[in-house]
Amino acid sequence: MNKIIIFDALIGAILLGTFSYVTNLYKGSSDYLKILAYLWAAPATYFYILYIASRNNKSAMADLSKHALLGHVMTSFAILLTLYYMDINTKYIIMANLVYTLAVFFIYFYFKLYKLNI
């Protein structure tokens, strides 16, 4: 097996293992979901994927960063809408997020936005 794949898997396992450890450490705390949300949004995953992209060239790193930013903006919009409509039924909030996610995925892949040089 390729040494690079083994190394990437090891780094990924360490990152996810750390995530799992910290979330289990605080599972009984009332702050559990806040910590979970922060770890999800923290830049550790971005660092890992950027590290993998850096093996190609700086252009690959720039492309990765631009499309990650596009995805982050779409996610931030969903988060803001969720917070704004917090007073409606939970089922509607979840359903709206699901529809939004599917629509964003459809638009990204149908219009091949991944081919854009933004």
Margin query: Can you list residue pairs whose Cβ atoms sit under 7 Å apart, with the first residue in region 65-78 being surrounded by 15 or more Cβ atoms within 10 Å (Cβ to Cβ) and the second being hydrophobic (A, V, I, L, M, F, W, C) and part of a helix (DSSP H, G or I)? Count only pairs 6 or more apart in sequence or on different chains.
Written below: MET74/VAL104
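For ILE88, state whether it is among the β-branched types (Val, Ile, Thr) and surrounded by 10 or more Cβ atoms within 10 Å (Cβ to Cβ). It would help to see each step written out before you state the result.
Numbers: among the β-branched types (Val, Ile, Thr): yes; surrounded by 10 or more Cβ atoms within 10 Å (Cβ to Cβ): yes.
Here the answer is yes, as ILE88 does meet what is asked.
Residue by residue through region 39-62, note down the ones that are touching a residue at least 24 places away in the same chain (Cβ under 8 Å) and either assigned to a helix (DSSP H, G or I) or in contact with a Cys (Cβ under 7 Å, 6 or more places away or on another chain) (or both).
Going through region 39-62, the residues touching a residue at least 24 places away in the same chain (Cβ under 8 Å) turn out to be 44-45, 48, 51-52, 55.
ALA44, THR45, TYR48, TYR51, ILE52, listed by residue number.
Answer yes if at least one residue in region 23-31 is surrounded by 14 or more Cβ atoms within 10 Å (Cβ to Cβ), outside the structural domain of LEU116 (by TED's automatic domain parsing) and touching a helix residue (DSSP H, G or I) at 6+ places or on another chain (Cβ under 9 Å), and no otherwise. Talk me through it step by step, then tell me what you get.
Our first condition is that a residue be surrounded by 14 or more Cβ atoms within 10 Å (Cβ to Cβ); within region 23-31, this holds for 23, 26.
Keeping just the survivors that are outside the structural domain of LEU116 (by TED's automatic domain parsing) gives 23, 26.
Among the residues that remain, those that are also touching a helix residue (DSSP H, G or I) at 6+ places or on another chain (Cβ under 9 Å) are: 23, 26.
Checking region 23-31: at least one residue is surrounded by 14 or more Cβ atoms within 10 Å (Cβ to Cβ), outside the structural domain of LEU116 (by TED's automatic domain parsing) and touching a helix residue (DSSP H, G or I) at 6+ places or on another chain (Cβ under 9 Å).
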Next item on the list: Quickly run through region 76-118 and pick out the residues that are over 26 Å from ALA42 (Cα atoms), assigned to a loop (DSSP other than H, G, I, E, B) and among the hydroxyl-bearing types (Ser, Thr, Tyr).
Entry: none
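One line per residue, one yes/no per condition, for (1) under 22 Å from ILE4 (Cα atoms); (2) aliphatic (A, V, I, L, M); (3) exposed (fewer than 12 other Cβ atoms within 10 Å of the Cβ):
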{"site": "TYR38", "(1), (2), (3)": "no, no, yes"}
{"site": "ALA41", "(1), (2), (3)": "no, yes, no"}
{"site": "TYR48", "(1), (2), (3)": "yes, no, no"}
{"site": "TYR51", "(1), (2), (3)": "yes, no, no"}
{"site": "ASN56", "(1), (2), (3)": "yes, no, yes"}
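Of all residues in region 19-38, which are assigned to a helix (DSSP H, G or I) and without any contact (Cβ under 8 Å) to a residue 12 or more places away in the chain? Before the answer, list the steps.
Filtering region 19-38 for residues assigned to a helix (DSSP H, G or I) gives 19-25, 32-38.
Scanning region 19-38 gives SER20, TYR21, ASN24, LEU25, TYR32, LEU33, LYS34, ALA37, TYR38.
The values are calculated or read from the model by the stated rules, or taken from the named source; none is laboratory data. Keep in mind it's a predicted model, so treat the numbers as computed, not measured. FYI the Cβ positions are ideal-geometry reconstructions off the backbone, even for glycines, and counts take in every protein chain you see.
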